[in-house]
């Protein structure tokens, strides 16, 4: 499927948010597709995130990927996969208020609903901090399904200004179908943290599926030593199956 890419600068309560749009080339008022809110890692719109976005778009989705740190960096900023980029990205996740993340989610949802090629059936997907934000986006009733790849700080709440995010505590409010995907060798999310997330979802009666693979953190990132092509292929299929089932 041919893909058309562009960006839009959305207005949010905390400033302009550059948002990248990937859609089937024939997406229009006469040919509409489901929409996906796609959240990146702490490094924003890197090459791997671009390629993941295009993969989803190629399967028939209008994808919008926002810059989550627009409050701190000028439009178009991509943080490097190095110590300096990691440190800056981790600092920003502690300085950004959860209200800002929520406001941003609503703006992207609105933009997807207004896209002429989107049919209004919406899902969310994300990686690392983006996995957490995709899970949190499911608190918005417009989101019918969310897939979270190794969502960091979901178990601890150590994200946002004050480091006390209530995302997991509010899981009972979610109506969307959830898929959670983890790497068992991920040092950022220990087994006891995963167990807490599972227990919370089970006790709150959410509709979810759970997948753990033998891989490290960021195994979907097709740059660097952590990339696991076999696990990435398997887990992309799991995500696509969710969205085909919930949004088709």
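Values quoted throughout were computed directly from the atomic coordinates according to the rules given, and no laboratory measurement underlies them. Source: prediction; values computed, not measured.
A few comments on the model shown:
- Within region 3-247, DSSP assigns beta bridges of which about 35% are antiparallel (rounded to the nearest 5).
- Potential lengthening between residue 209 and residue 175 on full extension [0.36 nm per residue; Cα-Cα distance subtracted]: 10.8 nm
- Contact order relative to length of the chain, as percent, for alpha carbon pairs under 8 angstrom and 6 or more apart: 17 percent
- Three principal axis lengths of region 3-247 [C-alpha, angstrom, descending]: 48, 37, 35
- Whether region 1-69 is rounded, prolate or oblate, judged on the alpha carbon gyration tensor where a/c under 1.5 counts as rounded: oblate
- Percent of beta bridges antiparallel (DSSP, region 36-169, rounded to nearest 5): 0 percent
- For region 181-228 versus region 90-108, the gap between their alpha-carbon centres in whole angstrom: 22 Å
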